1. Looking at residue 227, is it at pLDDT below 95, assigned to a helix (DSSP H, G or I) and either charged (D, E, K, R) or surrounded by fewer than 24 Cβ atoms within 10 Å (Cβ to Cβ) (or both)?
2. Looking at 75, 91, 80, 86, can you tell me which residue is under 29 Å from residue 172 (Cβ atoms), part of a helix (DSSP H, G or I) and either of a type in the set (Asp, Glu) or at pLDDT 90 or above (or both)?
3. Identify all residues within the stretch 154-182 that are in a loop (DSSP other than H, G, I, E, B), farther than 18 Å from residue 101 by Cα and touching a residue at least 40 places away in the same chain (Cβ under 8 Å); write none if there are none.
4. Among (1) under 21 Å from residue 271 (Cβ atoms); (2) in a helix (DSSP H, G or I); (3) touching a helix residue (DSSP H, G or I) at 6+ places or on another chain (Cβ under 7 Å); (4) modelled with pLDDT under 90, which single condition is residue 35 missing?
5. With respect to the numbered conditions (1) of a type in the set (Gly, Ala, Ser); (2) within 25 Å of residue 157 (Cβ to Cβ); (3) under 14 Å from the mean Cα position of the chain (by Cα), which one is the sole condition not fulfilled by residue 227?
6. Any idea how many residues of the stretch 59-82 are under 20 Å from the mean Cα position of the chain (by Cα), in contact (Cβ under 8 Å) with a residue 40 or more places away in the chain and closer than 23 Å to residue 27 by Cα?
7. Which members of the stretch 36-58 meet the condition of being exposed (fewer than 14 other Cβ atoms within 10 Å of the Cβ) and either aromatic (Phe, Trp, Tyr) or in contact (Cβ under 8 Å) with a residue 40 or more places away in the chain (or both)?
8. Out of the stretch 71-84, which residues are surrounded by 12 or more Cβ atoms within 10 Å (Cβ to Cβ) and of a type in the set (A, V, I, L, M)?
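The values are calculated or read from the model by the stated rules, or taken from the named source; none is laboratory data. These figures come from a predicted structure and were not determined experimentally. In this analysis, Cβ positions are derived from the backbone assuming ideal geometry, glycine residues included, and neighbour counts consider all displayed protein chains.
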Amino acid sequence: MSEPFPVPVAIATVATLLATGSYAVSVADRLAGAAVAGRSVPMRRLLIAPLAAVSLSVATSRTTTERPDAAGWALAPAMLAALAALAISLLPLGPGEAPADPDTGFVVFSAAIAFVMIAVFLHGWSPNSPLPLHGAYRYGAMALSFQIPFLLAMLATAMPAQSLSLVRIVEAQAPLWNVIREPLGLPLYLVAGMAVTFWGPLNLSDGSDLAGGTSVEDAGVGRLLWGFARAAMLVAVAAMGAAAFLGGYYGPVLPGPLWVIVKTLLLLAGIVAAGHLFARIRIEQFVTVAWVALVPLALLNVFVSGAFLL
């Protein structure tokens, strides 16, 4: 086990990664939308737009509903952001370097992903409004379907390392990245990751067909915080995908932390682009595909990973 960062350094590192990553998601989302629509947007405008949106949200009054659970409504984005911070704190940034490196890092990350369902359901339940509650139940149905293939895809990366430590999982990719060793793993991880972060074609809990779903009653700072928490969780999922499948900090010429950033941005770009290139699917379609296709493929991926150890 590597030495964890000092607490102030770890907090600053995690906060910086999540803040800059969320900003990058916002810029990439606008850039992808403009590209798909065939519009040319000046780069300066793209870079300023997220900051302008933050200013507008801060200046906008919050709304409320009849007899909401105010404490739960406030807790939901904080919980989702905290889970993203917990996940990103496990990210190896260099040889033996991670803000936190428990021997059971894989288990901690898996627990963080599982608790996302609670944060989303709380966000939909608390406003005491029908559309947010509908979105919350949608995410609950999704979570029962995507968590198995998601965690099986991650479990396959732990087998070559013979360890649940995420630092050891990255170190085991020195001779061969897991994306090559387990060709099914990364696509399965990304599909399930979009469901975890309810992004793009799998944004069913906050979809436009529900007028915004769990966030339809949000306004002002509340909407800003929920949007930040969603983007932060997307950054955490992409960063962990880069570490588990793309060799993390391994790469030529550039320092290890820069390779982590480059690979994370690459996965973020793919997920964000998918949100503009593919239509949102229906909940029953996703549940069927998850159980009929994703779960068997994830099991096959585990068997393939195990075959490399024979």
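1. yes
2. Every option except 86 fails the conditions.
3. Answer for the stretch 154-182, where residues must be in a loop (DSSP other than H, G, I, E, B), farther than 18 Å from residue 101 by Cα and touching a residue at least 40 places away in the same chain (Cβ under 8 Å): 174, 177, 182.
4. Looking at each condition in turn, residue 35 falls short on (3).
5. With (1) of a type in the set (Gly, Ala, Ser); (2) within 25 Å of residue 157 (Cβ to Cβ); (3) under 14 Å from the mean Cα position of the chain (by Cα) applied to residue 227, the lone miss is (2).
6. Qualifying residue count for the region: 4.
7. 36, 58
8. 74, 75, 76, 78, 79, 80, 81, 82, 83, 84
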